[in-house]
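Below is one structure, written out as structure tokens; the observations come after it.
The values are calculated or read from the model by the stated rules, or taken from the named source; none is laboratory data. All of these numbers come straight from a predicted model, not from anything done at the bench. Here the Cβ is made from the backbone with ideal geometry for all residues, glycine too, and neighbour counts use every protein chain on show.
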Amino acid sequence: MGLRKAPILSFLFLGILLLLLCFRGVFSAALNVSNVDPVIIVRPEIFKFHSQSPLYVRDANLTITTAGSITSVTVTIYNDGSPRGAVVYVYIYDDAGNLIGSGSGEIKNIPREKTRIVNIQLTQQPQYSTAYRIEVSVSEA
Amino acid sequence: MRIMKLAALVLFLAMLVLAGDVLSSLISVDRIDALGGSGLINVGRGYVIVQGVGLYYGGSQASRFFNNVRLTMYVSDSSIAGTYEVTVVVDNGGAIYTVTQTVTLSTTASIYTFSLPTNIAQAGEVSITVYARRLD
């Protein structure tokens, strides 16, 4: 009797083993899904400051409306030399490198070793979600 | 006859194994490292917004040196508020500095300071790249 049941038990064991193997991928995938982070995209991802000694871009701050539009950029410029004026340009690019927003502003006089702030209104007002790179440049007026 | 039945059973079980693998491949997901440069992943739910970037020397901006970067950041939606690992890569005229720290982001803009390992003389071109990875 015992000898007759042995093959049946063996195949039953084999069957259970194969069933576990069968669902191994499903278990594995379920575990992976629970550990996966959601897509969190940083926008804008890059800020680039172009300075021209003795004028330095030190800060760029976006004004974003509740609807998600970037309307202006507030820029801080530092003057490391004698008093002078400055012209500031802001460019906003999307992922593909297309210019999607820009603007410029002027600071009449920045005293020696002081900072001055200028608010630059953008001619186009792109959505922050499309803004990949912000570039700010300064040159002497 | 018995052998045939056993063979059919083994074949059936093998087909179940294959079906399981197919199902798993359908529901599993892979990392998409290039997405947004953020090293993140599969289901889009929102944005980490970098509202502003400032270069500071200590607590001052009146210098051509800087040793910390201050980011003003928030998230676009309360459903993605939480703890993030934020990495800032500063490219100062070709010299690269990387700082990573854990921050808690909400829908309200806050300023986060990322200290750099040294005092840096600001180059003509400075690039600040921000990456974020959600931790919770």
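Identify, by number, the condition in (1) touching a helix residue (DSSP H, G or I) at 6+ places or on another chain (Cβ under 8 Å); (2) facing chain A (nearest Cβ under 10 Å) that B:LEU55 doesn't meet.
With respect to (1) touching a helix residue (DSSP H, G or I) at 6+ places or on another chain (Cβ under 8 Å); (2) facing chain A (nearest Cβ under 10 Å), B:LEU55 is out only on (1).
If B:GLN51 meets every condition in (1) in contact with a strand residue (DSSP E or B) (Cβ under 8 Å, 6 or more places away or on another chain); (2) of a type outside the set (A, V, I, L, M, F, W, C); (3) more than 24 Å from A:VAL138 (Cα to Cα) apart from one, which number is that one?
B:GLN51 satisfies every listed condition except (3).
Return only the number of the condition from (1) more than 19 Å from A:ARG43 (Cβ to Cβ); (2) out of contact with any Pro (no Cβ under 8 Å at 6 or more places or on another chain); (3) buried (at least 17 other Cβ atoms within 10 Å of the Cβ) that B:THR102 does not satisfy.
Every condition holds for B:THR102 apart from (3).
How many residues does the stretch B:102-136 hold that are under 21 Å from B:PHE66 (Cα atoms), in a strand (DSSP E or B) and hydrophobic (A, V, I, L, M, F, W, C)?
8
Somewhere in the stretch A:65-74, is a residue within 8 Å of chain B (Cβ to nearest Cβ) and free of Cβ contacts under 8 Å to residues at least 24 places away in the same chain?
No: zero hits.
Any residue in the stretch B:105-125 that is buried (at least 20 other Cβ atoms within 10 Å of the Cβ), farther than 18 Å from A:GLU45 by Cα and polar (S, T, N, Q)?
yes
Every residue in the stretch A:26-40 that is surrounded by fewer than 21 Cβ atoms within 10 Å (Cβ to Cβ) and either within 7 Å of chain B (Cβ to nearest Cβ) or at pLDDT 95 or above (or both), please.
Those that are surrounded by fewer than 21 Cβ atoms within 10 Å (Cβ to Cβ) and either within 7 Å of chain B (Cβ to nearest Cβ) or at pLDDT 95 or above (or both): A:VAL26, A:SER28, A:ALA29, A:ASN32, A:VAL33, A:VAL36, A:ASP37, A:PRO38, A:VAL39.
Which is part of a strand (DSSP E or B) and closer than 16 Å to A:ARG58 by Cβ, of A:ILE70, A:ILE77?
A:ILE77
In the stretch A:43-79, which residues are over 21 Å from A:ALA131 (Cβ atoms) and surrounded by fewer than 18 Cβ atoms within 10 Å (Cβ to Cβ)?
A:GLN52, A:SER53, A:PRO54
Inside the stretch B:68-105, can you point out the residues that are under 23 Å from B:ALA121 (Cα atoms) and hydrophobic (A, V, I, L, M, F, W, C)?
Residues satisfying the conditions are B:VAL69, B:LEU71, B:VAL88, B:VAL89, B:VAL90, B:ALA95, B:ILE96, B:VAL99.
Given the residues A:GLY68, A:GLY81, which is the only one that is at positive phi and at pLDDT 75 or above? Let's see the steps before the verdict.
Values: A:GLY81 fails: at positive phi.
Of A:GLY68, A:GLY81, the one residue that is at positive phi and at pLDDT 75 or above is A:GLY68.
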